[in-house]
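Notes to accompany the following structure.
The values are calculated or read from the model by the stated rules, or taken from the named source; none is laboratory data. Being a predicted model, the structure only gives us computed values, none of them experimental. Cβ placement follows ideal geometry from the backbone for every residue including glycine, while neighbour counts extend to all protein chains displayed.
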């Protein structure tokens with residue numbers, strides 16, 4: 001297989017309640033633009049929990065902001081840069097709509113299950129989860145909402161619910177999160193191209209594009 005015909009491998013370590021991960025996804029898409037003549041890259045999402053100690057049902061968003069930023073005013077200051085970056089990539093962040101800060105264990109379990117069924121649809125699911133939380137203010141810790149969002153990505157509702165009501169995949173998500181930390185990944189998003197070149201943060205498209213080119217110039221043996 002020639003390098004031109006080899007699909008680019010992209011692994012993305014992220015959390016669906018991380019606004020910079022949503023921005024990073026958009027910037028990655030911009031970096032990949034213009035590659036239509038090459039094979040579509042293979043994307044794989046890896047779990048990272050920003051707030052693993054939150055209760056299963058999540059907590060009130062106001063309380064979360066109070067603890068993290070000292071209140072809504074502190075959050076507004078912190079999110080102003082995020083909102084500006086979001087506008088640049090077409091994300092209309094609506095932080096004021098978020099009422100609950102969810103524990104993302106079930107969302108990550110769902111993503112892992114979806115990737116085993118249909119990797120392409122799983123990436124669409126990730127996009128819809130980001131939008132549900134950051135634009136629509138949906139509580140993505142709720143089983144019913146996760147089922148609904150997954151159905152919008154083409155997954156069978158009954159199968160999704162049957163997976164979510166069990167503990168299946170919980171240990172795997174925890175292991176993935178632990179493995180990311182053991183590898184020194186302290187923040188997300190984190191991109192790994194062709195299993196050999198890592199890039200931390202929601203870097204501009206040109207930085208990601210350069211990393212992709214570097215990864216492809218020294219392919220895996």
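Annotation note: of 78, 47, 94, 31, the sole residue that is in contact (Cβ under 8 Å) with a residue 12 or more places away in the chain, in contact with a helix residue (DSSP H, G or I) (Cβ under 9 Å, 6 or more places away or on another chain) and surrounded by fewer than 19 Cβ atoms within 10 Å (Cβ to Cβ) is 94. Every condition in (1) more than 18 Å from residue 192 (Cα to Cα); (2) crowded, with 20+ Cβ neighbours inside 10 Å is met by residue 13 except one, and the failing one is (1). Inclusion of residue 82 among residues that are closer than 22 Å to residue 185 by Cα and in a loop (DSSP other than H, G, I, E, B) is not warranted. Tallying residues that are over 17 Å from the mean Cα position of the chain (by Cα) and within 24 Å of residue 26 (Cβ to Cβ) within the stretch 70-91 yields 11. Taking the numbered list (1) assigned to a helix (DSSP H, G or I); (2) surrounded by 20 or more Cβ atoms within 10 Å (Cβ to Cβ); (3) modelled with pLDDT of 95 or more in turn, residue 65 passes all entries but (3). Within the set 58, 86, the sole residue that is more than 21 Å from residue 202 (Cβ to Cβ), in contact (Cβ under 8 Å) with a residue 12 or more places away in the chain and buried (at least 16 other Cβ atoms within 10 Å of the Cβ) turns out to be 58. Taking the stated definitions as given, is residue 39 at pLDDT below 95 and either touching a strand residue (DSSP E or B) at 6+ places or on another chain (Cβ under 6 Å) or surrounded by fewer than 18 Cβ atoms within 10 Å (Cβ to Cβ) (or both)? Considered against the rule, which asks whether it is at pLDDT below 95 and either touching a strand residue (DSSP E or B) at 6+ places or on another chain (Cβ under 6 Å) or surrounded by fewer than 18 Cβ atoms within 10 Å (Cβ to Cβ) (or both), residue 39 comes out as yes.
Identification of helices (runs of 4 or more DSSP H) wholly contained in the stretch 105-218 with 1 or more residues that are crowded, with 18+ Cβ neighbours inside 10 Å and free of Cβ contacts under 8 Å to residues at least 24 places away in the same chain yields 119-134, 143-152, 205-217.
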